[in-house]
1. Within the range 1-94, what percent of beta bridges assigned by DSSP are antiparallel, to the nearest 5?
2. Which whole-Hz couplings ³J(HN,Hα) result when phi for each residue of the range 145-150 is put into the Karplus expression 6.51 cos²θ - 1.76 cosθ + 1.60, θ = phi - 60°, listed in order with x for Gly and Pro?
3. Show me, for the range 80-88, the HN-Hα J-couplings you get by feeding each phi into the Karplus relation (A = 6.51, B = -1.76, C = 1.60, θ = phi - 60°), rounded to Hz, glycine and proline as x.
4. Based on alpha-carbon atoms only, what is the radius of gyration of the range 98-180 relative to the globular estimate 2.2 N^0.38 Å?
5. Under the rule of at least 5 residues apart or a separate chain, name every residue whose amide H is placed under 5 Å from the amide H of Thr11.
6. Sorted from largest to smallest, which semi-axis lengths in Å does the alpha carbon gyration tensor of the range 75-142 give for its equivalent ellipsoid, taking the root of 5 times each eigenvalue?
7. Would you list, by chain and number, the lysines whose Cα falls below 26 Å from the Cα of Lys93, excluding same-chain residues fewer than 8 positions away?
8. Leaving out ligands and nucleic acids, note down the accessible area per residue over the range 17-87 with a 1.4 angstrom probe, in whole Å².
Amino acid sequence: MNAEKPLHFVTLLGSLRKASFNAAVARALSSLAPDGVTVTPLGSVGEFPLYDQDIQDAGFPAPVLAMADQIWAADGVIIVTPEYNYSIPGGLKNAIDWLSRISPQPLAGKPVAIQTASPGMIGGARAQYHLRQSLVFLDAFVLNRPEVMISQVADKVGTDPLELTDAATRDFLTRQLGALATLARKVKG
């Protein structure tokens with residue numbers, strides 16, 4: 001039965017900061033995944049040069065190709081990102097721009113969940129909507145519900161070590177991972 005087949009998800013982190021709240025959320029995902037689901041991180045978007053057609057014409061950078069390969073091999077992608085200036089961080093947008101030029105497109109037809117965390121009250125909602133616009137263009141299957149927008153994240157992450165400690169948030173993330181697993185199994189047929 002297809003529902004019993006193991007699934008593998010990868011996380012794409014939009015933050016570069018070492019003490020990132022979003023990185024703490026991303027690190028928690030492997031322990032929150034349902035049975036039969038593994039979650040591992042992709043490389044850093046900080047390893048990508050700024051997108052430039054001239055660089056692409058000379059050959060895709062190794063970190064871009066490595067990330068594309070990992071996305072192709074995965075059953076789903078979880079994008080975990082902060083909100084910068086009512087949108088997504090430049091490094092994440094740059095990574096999406098690079099990945100969009102790979103053929104076949106690694107995010108096309110791929111189940112994708114979005115998670116944002118912010119010290120503010122709306123938890124990165126505006127970043128999610130901008131990110132969804134890019135993912136629609138790339139023909140990704142974006143999970144609609146539950147939406148994960150972690151507000152006031154500083155109160156939900158312990159500092160030594162930097163890890164997600166809030167039980168209600170962890171439970172909510174578990175529900176989203178379960179929904180992503182259901183979507184991934186539907187997509188796989």
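The values are calculated or read from the model by the stated rules, or taken from the named source; none is laboratory data. Computed from a predicted structure; not experimentally measured. We place every Cβ from the backbone using ideal geometry, glycine too, and count neighbours over all the protein chains shown. Side chains are part of the model used for accessible areas, which takes the heavy atoms of the whole protein and leaves out ligands, DNA and RNA. Shrake-Rupley method; radii C 1.70, N 1.55, O 1.52, S 1.80 Å.
1. In the range 1-94, approximately 10 percent of DSSP beta bridges are antiparallel ones.
2. Ordered by residue, 3J(HN,Hα) equals 9, x, 7, 10, 10, 8 Hz.
3. 3J(HN,Hα) across the range 80-88, in whole Hz: 10, 8, x, 10, 10, 6, 6, 8, 8.
4. 1.24
5. Sorted by chain and number, the residues that satisfy this are Thr40, Leu42, Ile78.
6. 22, 12, 9
7. Those lysines meeting the cut-off are Lys18, Lys110.
8. Spelled out: the 1.4 Å probe surface of the range 17-87, per residue, equals 50 Å².
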